[in-house]
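Below is one structure; the comments refer to it alone.
The values are calculated or read from the model by the stated rules, or taken from the named source; none is laboratory data. Everything numeric here is computed off the predicted structure, so don't read it as measured data. Cβ atoms come from the backbone with ideal geometry, glycine included; neighbour counts cover every protein chain shown.
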Amino acid sequence: MAKHKKSIRVSGLVKTARQAREKLAVGIPSAEVERFRKWIRGSVKRTEAICRDHQMRPEDLPTPSYEAYRFLKELDLDDLPHGQGPAPEATTIRISGIIALQSHINDRMANWADPQRDEPTEDHPQVQSLLEELHSHVDRIEELAHEADAPPGHLPTRSRRAYQWLKLLSDPVTLVVHLETLRALDHACQTPSFRKRAPRPIREAPVKIAFTYASYLYKAQFEDGILAVKAHEGFIGAPPDVLGALARILLSSAQDTDRDRVKAYAAGEDFVEVVTALEMTTPGVDNLTQGRCFDLEAVFDRVNRTCFDGELDRPRLLTWNARITRVKMGHYDLLRDAVMLSVTLDAPDVPDYVVDYVMYHELLHKQLGNRVVNGRHHTHTPAFREAERAFSRYGEAQAFLKKTAGAG
């Protein structure tokens, strides 16, 4: 079994950050202000105490936990938004079998790791068969959710993530990239020099790889003579050096820099782009335009007027995401015509021009579309970059965002 760097989980930390954000969005009633402050301070102190007990720093926590800690730590508890009380809690719906469907699809895709098979392409009959099955499952889940009078975003976390994964892969280009990465990671795991350094029981063992949307980056378990690997969907499309580092980790033959390389990639724009795309598949995020400090409707109107002469159609969806991020601050979903901005930007210390710049960046994706080369989407083309630099405060906005990323 693969050995991992020592890591700990702070139970409930991510949930606390999410609940705090929801409370802040509607305002804290005067009678609840002091209780809210104690709750946040207590969560921060508990996290720091757990880290000290394990001789770790908060930044050594898994990324979601560290980002939740940062969000809570940086809240201005002396300047809380006032309100009458929380909005009604969303109803949780339950649909059985979604996780099993994900496992079934992964089993179907496992055969693509065979190097003797054709290269996966959008028009390959078996890729088309996979797409048909994915669409069938997604349609059925959405139908059942509609019958329960709630969107799939109200599913329990594991089921919601499995649905988001199925929905993401129902896009032909994404499915092909997924299959290509599956083949590439399997090929890396067969590298003789990697195998030679692996523990004896798994040197000759077959590897079964599954990509998934989970809270961990990777897992490897040696059981019944097979090395079963699970890797985060965020790794699809990763370059060979990252997949090579990941393969060595999974085979327990990692070099000193491998974990750092994989962790750095997971914190980078390409990985976060996939995670954001996964989150954007969930209709439950609709209509969250009003944040604590910024209203996305007003931001869009301002950017459209000053940068597009008021001629750009409003996206069908403008929303804040539910994730605290440090690298990926926005996302445009072409299929849904949706713009999502990171809630990290919805803070009093973020200048208006920074939020405007991120909105402008995403609206450029809407205006310019993308170019497809060899089955891959290319969005940041030279034409895009040239248009991006036309933003009046481009340099200042870039500097602020780089500083924010560096703070993470």
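See the values below:
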read-out	value
Single match in SER136, SER103 (criterion: in a helix (DSSP H, G or I), more than 23 Å from the chain's Cα centre (by Cα) and in the same structural domain as THR181 (by TED's automatic domain parsing))	SER136
Hey, GLN126 without any contact (Cβ under 8 Å) to a residue 60 or more places away in the chain, assigned by TED's automatic domain parsing to the domain that holds HIS178 and part of a loop (DSSP other than H, G, I, E, B) or not	no
Residue match in the range 223-239 (condition: outside the structural domain of GLY12 (by TED's automatic domain parsing), of a type in the set (Phe, Trp, Tyr) and under 30 Å from TYR66 (Cα atoms))	yes
Counted residues, the range 182-204 - those being surrounded by fewer than 20 Cβ atoms within 10 Å (Cβ to Cβ) and in contact with a strand residue (DSSP E or B) (Cβ under 8 Å, 6 or more places away or on another chain)	2
Test: residue in the range 163-176 that is at negative phi, surrounded by fewer than 17 Cβ atoms within 10 Å (Cβ to Cβ), in contact with a Ser or Thr (Cβ under 9 Å, 6 or more places away or on another chain) and assigned by TED's automatic domain parsing to the domain that holds VAL262	no
Cβ pairs under 6 Å, 6+ apart, first in the range 147-173 and part of a loop (DSSP other than H, G, I, E, B), second at pLDDT below 90	ALA150/THR91; PRO151/PRO283; PRO151/GLY284
